[in-house]
Amino acid sequence: MGAGHTSNNRSEDHHYEKKTVAGWEQTISTPRRSSSSSSLFNVGGIRNTITWFFVIISLLYILYSSNLLLTNEHQDCTYTTSTISSSTDVVADDEHLSLPLTNNSKSLLPINGKQEEEEEEDPRSQSPQTIHYFDTELKHIFFCIAASSNLWEQRKQYIKQWWRPRMTRGIVWLDKRVRIRRNEGLPEIRISGDTSKFPYSNRQGSRSALRISRVVSETVRLGMKDVRWFVMGDDDTVFVAENVVRVLSKYDHRQFYYIGSSSESHVQNIFFSYAMAYGGGGFAISYPLAMALEKMQDRCMNRYPGLYGSDDRIQACMAELGIPLTRESGFHQYDVYGDLLGLLAAHPVAPLVSLHHLDVVDPIFPRMKRARAVQHLFESIKFDSSSIMQQSICYDKKHAWSISVSWGYVVQILRGVMSPRELEMPTRTFLNWYRRADYTAYAFNTRPVTKHPCQKPYIYYMNTVRYDRAKKQTVSIYIRKKEPHPYCRWKMDSPEKIESIVVIKRPDPLRWHKASFQISSFLCSDD
């Protein structure tokens, strides 16, 4: 019954549909009815409007896209197409590679007449967004150097390399008197106060940590005038004074600031604290914070007899004052052993502020004594301190070489194309603080020294640097390190034919005032 009823309904519906369709066809086919004509006109008008709308939008998009492509093509040519002048001049058996460098930190970009003229007009004009800088100068910074009388004769050689008499201000704090010679070019020497009243219970450490931790407070009590920052470091710490100024001028000296960096050793940071600025790498304390520290430090020290060193005691007092560490990656503790090549050749994008533990690591330049190697580095620093150690990456497409330049220090050429991501990662030419080849013990990413015979880098250390006044650029020459290279089966040109590399670059003291360096890397050609 239900099925039959459903069938009848379907027949009726079908009949009704036929009538409706027939009526609709009759209505459309009758041209005399004004209502039907008006509906058709409205529908057609809407369709035409929509069609024209899409046509106009399409034309605007095509015009916009073509203009954008033309603009991008011009920008690529001017700013982002990398090039390397790899035409080698052969003189007898000596060949050299000439590298024109711009002031970008991670890439070699083209240098043409137009771009150079724009850069010369005002380097700051290329950066629409800038950090607000304060008028801090070298005279506003006071260095507090913690030293030991036992090592003074050896360690003072490091201080001589960076100290600038009558320009830098500071005091060396010693545990007892040492022999002083005239005209050595060293800062004033003072003896630290007695710390025998303070408790110390750390069995692995030394009570000298108590004396060193009070260096800043003792300096504050001397009532120095026109001081904005106190910078603390060890006697084996080498500072780049101009870069100290560049970093600290970013911060308001009237506020509470505790500025420094952690250790390279992950284990050291866990054992002490990631919130602590390591004293060997150096740290800075603003004047008002130093005043607050001086008022409470002695009481604070009595509460932490079990701490190991001076810098963790200062950090404990900073925690009580509620002041966190402001990190600046240019301060280097260098809790490592061995060769610093891997670290210095891939320096982070930051001004080089300090180097520490120079007695522990190998000389930064081979076949030189440690102090002489530091002196050699400062030959580059005096011409362009803001660019020292800054890495640039480029590729010679003709020879299929990857090139890494750590300006003022070293150039490396590798056969094959390695990505910038790999090249900016430090090579493990060093051992961690616990003398184990354990790459997990570092607080940053590293890559292993390659075992492939064809990928061993050709290393060129800085030999000489000079400033060309006529062209307003530095000319630095890098000489290949003489060392054996394993046999390579790759059918490609070998960098061993190149004995020296010339790097040409314009100094830019305002580079760190720019908010962005438009970092990029491209394949280079010598076309």
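Subtracting the Cα-Cα distance of ALA275 and GLU483 from their residue separation scaled by 0.36 nm leaves 70.7 nm. For the range 347-455, the set of chymotrypsin sites (Phe, Trp or Tyr not before Pro) satisfying both a DSSP loop assignment and a count of at most 16 other C-beta atoms within 10 Å is given as TYR434, PHE444. Each other residue within a Cβ distance under 12 Å of LYS369 adds +1 if Lys or Arg and -1 if Asp or Glu, for a net charge of +1. By the scheme Lys and Arg +1, Asp and Glu -1, what is the net charge of all other residues having a beta-carbon under 15 Å from that of TYR258? Neighbourhood net charge equals -1. Compute the Cα gyration tensor for the range 339-465, then decide on rounded, prolate or oblate, letting a ≥ b ≥ c be the square roots of its eigenvalues: rounded whenever a/c is under 1.5, prolate when a/b is larger than b/c in the other cases, and oblate in all that remain. Because a/c hits 1.5 or more and a/b fails to exceed b/c, the range 339-465 counts as oblate.
Note down the relative contact order for the range 251-315 as a percent, whole number, built from C-alpha pairs under 8 angstrom at least six residues apart. Relative contact order here is 39 percent. The packing ranking, built from the mean of other Cβ atoms within 10 Å per residue, places the peptides 289-302, 195-208 in the order 289-302, 195-208, highest first. Could you grab the relative contact order for the range 138-333? Cα pairs under 8 Å, six or more apart, rounded to a whole percent. Here the relative contact order equals 26 percent. How big is the antiparallel share of DSSP beta bridges in the range 331-406, given as a percent to the nearest 5? Bridges in the range 331-406 are about 75 percent antiparallel. Amide H contacts under 5 Å for ILE191: LEU174, restricted to partners 5 or more places along the chain or on a different chain, H placed in the peptide plane at 1.01 Å from N. Under the rule a/c < 1.5 gives rounded, and otherwise a/b versus b/c splits prolate from oblate, where does the range 386-520 land using the Cα gyration tensor? Cα axes put the range 386-520 in the oblate bin. Near HIS452, within a Cβ-to-Cβ distance under 14 Å, what is the net charge of the other residues, with Lys and Arg +1 and Asp and Glu -1? Overall, the nearby charge balance is +4. Our note on the geometry: Cα centres of the range 208-248 and the range 436-483, 32 Å apart.
In straight-distance terms, cross-link reach from LYS491 covers every one of the lysines whose alpha-carbon lies under 25 Å from its own, apart from those fewer than eight places away in the same chain; here that gives LYS397, LYS398, LYS451, LYS456, LYS481, LYS482. Rounded to the nearest whole Hz, the Karplus-based 3J(HN,Hα) values (6.51 cos²θ - 1.76 cosθ + 1.60, θ = phi - 60°) of the range 248-257 follow the sequence 6, 5, 6, 10, 7, 5, 7, 9, 7, 9, with x at glycine and proline. Close amide H contacts of LEU99 (hydrogens built in the peptide plane, cut-off under 5 Å, sequence separation of 5 or more or a different chain): VAL502, VAL503, ILE504.
Here LYS225 is the anchor, and the lysines within straight C-alpha reach of less than 22 Å, apart from those fewer than 8 places off in the same chain, are LYS139, LYS250, LYS295. Taking all Cα pairs closer than 8 Å and separated by 6 or more residues, the relative contact order of the range 352-511 comes to 19 percent.
Highest mean first, the peptides 250-260, 221-231 sorted by other C-beta atoms within 10 Å per residue fall in the order 250-260, 221-231.
Amide H contacts under 5 Å for LYS514: none, restricted to partners 5 or more places along the chain or on a different chain, H placed in the peptide plane at 1.01 Å from N.
Values quoted throughout were computed directly from the atomic coordinates according to the rules given, and no laboratory measurement underlies them. Predicted model only: the values in this text are computed from it and were never measured. Cβ coordinates were reconstructed from backbone atoms using ideal geometry, including for glycine residues, and neighbour counts include every protein chain displayed.
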